[in-house]
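Here the structure comes first, spelled out in structure tokens, and everything after it is commentary.
The values are calculated or read from the model by the stated rules, or taken from the named source; none is laboratory data. This structure is a prediction, so every number in the text was calculated from the model and none was measured. Virtual Cβ from ideal backbone geometry, glycine too; neighbours counted across all protein chains shown. Quick note on the areas: whole protein, heavy atoms, side chains included, nothing else; ligands and nucleic acids left out. Shrake-Rupley method; radii C 1.70, N 1.55, O 1.52, S 1.80 Å.
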Amino acid sequence: MRGTPRNTTRAAAAAALLALIAAGCSPGEERDANTVRVAYQKFGTFIAMDSLMRKVKEEFEADNPDVTVELHAVEAQAEDYQTQVNLMNGSASEAPDLIYQDTFTINQDADAGYLMPLDDHFDAWEDAERFNEQEAEAVTSLDGTRYGVMLGTDVRGLWYRTDFLEQAGVELPWEPATWDEVLDTARAVQNEFGDEVVPLNVYSGTPAGEAASLQGFQMLLRGTDDGLFEESSEQWVSSSAGFTESLEFVHTIFDEGLTLDPQDALDANIGTVNNEERFPNGEMAISLEGSWATQSWIEEANQPWPEWEDHMEFTPMPTRNGQGEGASSMSGGWALSMGAHATDPDLAWQVMAHALNQENAVKFAVEGGQIPVRSDVAEDPGFLEAAPKAERFAELVDVTGFRPAYSEYPRVSLAIQEAMEVVMLGEATPEEAAELYSQELESIVGPDNVTDGS
């Protein structure tokens with residue numbers, strides 16, 4: 001489905017890599033042992049890592065005049081960024097020493113031979129005891145090997161403009177208890193503002209990539225009684241009631257016009273546009289979004305919105321019928337990993353450790369809207385004072401879930417995005433899209449690794 005756009009982005013990724021090569025080493029050229037090459041994503045509102053690495057480069061080079069920290073800021077959305085890094089990893093002369101990566105890709109990259117084990121470096125680090133168990137789980141492969149160190153984690157929920165909901169007659173603070181209450185609030189906004197305001201954003205479709213799969217679909221699925229993967233049997237779940245119910249929610253918001261028009265929802269830059277333009281400009285009321293949205297509005301942002309605290313509030317996403325804990329979340333997080341072709345692993349680790357120290361972890365947590373994974377950062381007055389929603393986000397840690405970070409997951413995620421897309425475009429019913437997903441899942445992981453979850 002919709003193969004052409006993905007071919008186009010892959011071509012763009014390859015072209016971007018060629019530009020990187022032209023600007024740096026050529027294939028086969030011997031690497032400078034005193035240069036540490038860092039690849040990271042710089043895209044749209046995601047500015048925190050670029051800000052951090054520029055600080056690290058300045059400080060580390062000042063303390064080590066013979067060392068160069070070479071920054072490769074890849075300006076691409078997550079899936080295209082991953083493609084570019086994979087292309088770089090295909091050549092020892094072009095491979096990064098350090099890689100900024102979404103933790104769900106660690107198993108896939110470790111299986112591909114792109115990453116270097118970090119157990120020895122991490123265990124000998126005096127700061128290791130500061131990191132929590134959640135961090136260790138996220139960056140450890142299935143065979144128990146550590147392949148990264150997390151910078152921070154996140155949660156997801158409903159960001160909303162208080163003034164719009166109040167004008168629509170919704171009682172504040174807004175604390176919906178079921179999916180129906182979320183939909184009813186979106187309908188109230190629609191009745192009050194008509195086409196002037198988008199009532200509710202839920203990421204959907206292949207251009208949104210992992211945002212659709214994680215922030216959109218899995219946030220819904222988490223609120224049902226079903227999941228993507230059954231840990232007890234170590235099998236992927238195909239046809240479940242919760243899967244179809246989640247697609248039915250997507251169908252409802254598009255069918256009733258409670259969300260963006262499909263052409264706007266299928267914009268690869270949708271997250272940037274939502275947070276930099278639609279919310280500040282008074283064009284959107286509610287969005288199922290991550291805790292990091294604040295980095296779009298702070299002083300260091302591309303388009304600061306100093307008044308955001310006067311307008312924006314965050315509330316948990318309820319479970320479907322208010323069952324269980326009553327609320328749900330999904331968490332991810334980004335980490336620094338070391339490339340398998342690192343020229344000098346000890347030097348690369350020194351740069352990594354500097355980027356991950358307490359001072360820099362506080363900076364990243366504040367600017368990136370992150371939940372700290374270091375105990376000393378979570379207690380740091382600088383973080384607590386500069387992160388106004390920190391306590392609200394922390395409330396969701398006990399109910400949050402994580403993606404099944406197996407090497408097959410990225411392809412499973414794409415199959416989810418495709419199922420959402422045919423529903424939002426009216427090309428298939430939720431039931432038909434769920435069946436298409438089941439067929440695709442079997443082709444990805446094999447029939448023996450699939451269960452119906454019953």
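Quick notes on this one:
- Just the protein heavy atoms count here, and of the accessible area of segment 136-176 at 1.4 Å, carbon and sulfur take up 41 percent.
- Angle in degrees between helix 430-445 and the longest Cα principal axis of the chain, rounded to the nearest 10: 20
- Annotation: per residue accessible area for segment 162-203 equals 49 Å², rounded to a whole number [probe 1.4 Å, protein chains only].
- Cα convex hull of segment 183-309 - mean projected area over all directions, nm²: 9.1
- P(r) tail for the chain: Cα pairs beyond 42 Å make up 13% of the total.
- Sparse packing (at most 12 other Cβ atoms within 10 Å of the Cβ) combined with a DSSP loop state is found for the following GluC sites (Glu not before Pro) in segment 194-251: Glu231, Glu234.
- Cα long-axis angle, helix 179-193 against the chain (0 to 90 degrees, to the nearest 10): 80
- Within the accessible area of segment 50-95, the carbon and sulfur atoms contribute 45%, probe 1.4 Å, all protein chains present.
- Sorting 162-173, 76-87 by their mean Cβ neighbour count within 10 Å, with the most densely packed peptide first, gives 76-87, 162-173.
- When the Cα positions of Ala327, Gln167, Gly152 are compared along the charge dipole of the chain, Gly152 comes out farthest toward the positive end, with charges on each C-beta of Lys, Arg, Asp and Glu.
- Radius of gyration and Dmax over the Cα atoms of segment 32-124, both given in Å: 13.8, 36
- Segment 210-369 - percent of accessible surface contributed by carbon and sulfur, probe 1.4 Å: 38
- Of the Cα atoms belonging to segment 62-192, the radius of gyration and Dmax stand at 22.1, 64 Å.
- Over segment 326-434, accessible surface divided per residue gives 35 Å², non-protein components excluded, 1.4 Å probe.
- Loop GluC sites (Glu not before Pro), segment 321-383, which have at most 13 other Cβ atoms in a 10 Å radius of their Cβ (DSSP): Glu379
- Label point at Asp143 placed 7 Å out along Cα→Cβ; residues across segment 107-131 whose backbone nitrogen lies under 11 Å: 110-113, 117
- Candidate cross-link partners of Lys55 among the aspartates and glutamates, defined by an alpha-carbon separation under 15 Å and a same-chain spacing of 8 or more, comprise Asp63, Glu70, Glu300, Glu359, Glu367.
- Rel. contact order, % - alpha carbon contacts under 8 angstrom, at least six apart, the chain: 25
- Reported to the nearest whole Å, the Cα centre-to-centre distance from segment 384-435 to segment 74-91 is 22.
- Against the chain, whose longest principal axis is taken from its Cα atoms, helix 345-355 shows a tilt of about 50°.
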